[in-house]
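Throughout, read-outs are computed from the coordinates displayed, never taken from laboratory work. Source: prediction; values computed, not measured. Using ideal geometry, Cβ is built from the backbone for each residue, glycine included, and neighbour counts are taken over all protein chains shown.
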């Protein structure tokens, strides 16, 4: 009951306040792993229990499928939702000070699923085992939806047909991106028992393919009639309507991992992805940096037409090098407690984006991302396991705050072959940004605290995993 209450409180809090808007150029991380590892601070390199570890820690393939025939099938469903509020500064005429008021509120959700299988075998002496796995899972998401309602607050309530309406809706600004990069992985793992008092030594390698995908961008601006000439219609914003699709190519990269025993109940994990690359098409993604917020800006202003155009005419997803160090302490199969520590470094500073201007030497450089994860799991002899974790993740961009991610989860054993795990991951953040649907020419202001909007966003992921062992 306590776990249910905590989940209910978190769901309620998620509707109070990530920075999903920038997923279009950087790709949102939706490589979730399985529900068990999500509940354990997203440590699926160290604690993954399904075929999803093929892409991150193939060494575990050698011993995970411990059923009668050493075969494991799994399926996972994830729902990622975000709630975004945008606020602007207004003058409080009573207190004579600036305060903030919300003018946009958006809530959207997207579903992602993964599946795969593992097959493992032991030799007759049971001191050597091997296994291979195949998985298909999402890697990066470009999904984002924004809808802004435009109202006319000074409408005459005596106008026929509009009686009682003082802020009638004039139309909508709509901006949306769609697209997900999927990852197919094939891996092989080996384990060897050095001695009975120690956990096995494991090694694994996998080949991973980023599948081709289509990314769609759409901007839709409603138009209203001109008060002077009713035959003329004007857009509510100076941003041009846009509809475009971009198809990415495919790329391959390897993953290597080792698991070294510390004692019978503890192991250290080392995994690394030594390759970085850019997944792009023939036209690079040309964004600029806002002088006001210092963050990526997607629009380009034309002085002759007095209109803004959407400048992201391509994609430039950067997949960084990555190293993971993990530690599992005091793991027991049926009861007891498990403590997990994991450190992740992603080398984003190896890549520089070329900005969209006339200066070819103008680059936008990211920062390396560090993640520190701590989690625990307690298994009861009777009843489900309890899992909780905390993730601290630094930002790849200046002017964006680090993220503190809280996770929790549990499990249910249906029978000796079927298990169900579920988990929840949640964080909130806020930052300052420009108006994404401007109606006037750039004002060349540099005081972001006064002229920027405040974006508050909550991000929640709910995951369910089914595992069949044979």
Taking 328, 60 and counting other beta carbon atoms within 10 angstrom, the fewest-first order is 328, 60
Ranked highest first by the average count of other Cβ atoms within 10 Å around their residues, in what order do 374-385, 40-51 fall? 40-51, 374-385
Residue 349 and residue 265 label points (each 7 Å along its Cα→Cβ direction) are spaced in nm at 4.0 nm
Distance from a point 7 Å along Cα→Cβ of residue 337 to each backbone N in region 393-415: keep the residues under 20 Å and list them by number. 407-411
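Once you have the Cα-Cα distance between residue 127 and residue 392, take 0.36 nm times their residue separation minus that, and quote the gain in nm to one decimal.
Numbers: separation 265, 0.36 × 265 = 95.40 nm, distance 3.83 nm.
Going from the current span to full extension adds 91.6 nm.
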Residue 327-residue 147 pseudo-label distance in nm [points 7 Å out on the Cα-to-Cβ vector]: 4.9 nm
If I model a spin label as a point 7 Å beyond the Cα along the Cα-Cβ vector, how far apart are those points for residue 275 and residue 29 in nm? 2.1 nm
Can you put 100, 148, 259, 304 in order of Cβ neighbours within 10 angstrom, beginning with the fewest? 304, 100, 148, 259
Please compute the length gained on full extension between residue 194 and residue 105, using 0.36 nm multiplied by the number of residues separating them and subtracting their Cα-Cα distance. 26.2 nm
Sorted from fewest to most neighbouring beta carbons within 10 Å, what does the list 186, 366 look like? 186, 366
Here the FRET efficiency for residue 247 versus residue 311, based on Cβ atoms and R0 = 25 Å and rounded to 0.05, is 0.85
Once fully extended, how much extra length lies between residue 91 and residue 374, figured as 0.36 nm per residue of separation less the alpha-carbon to alpha-carbon distance? 97.5 nm
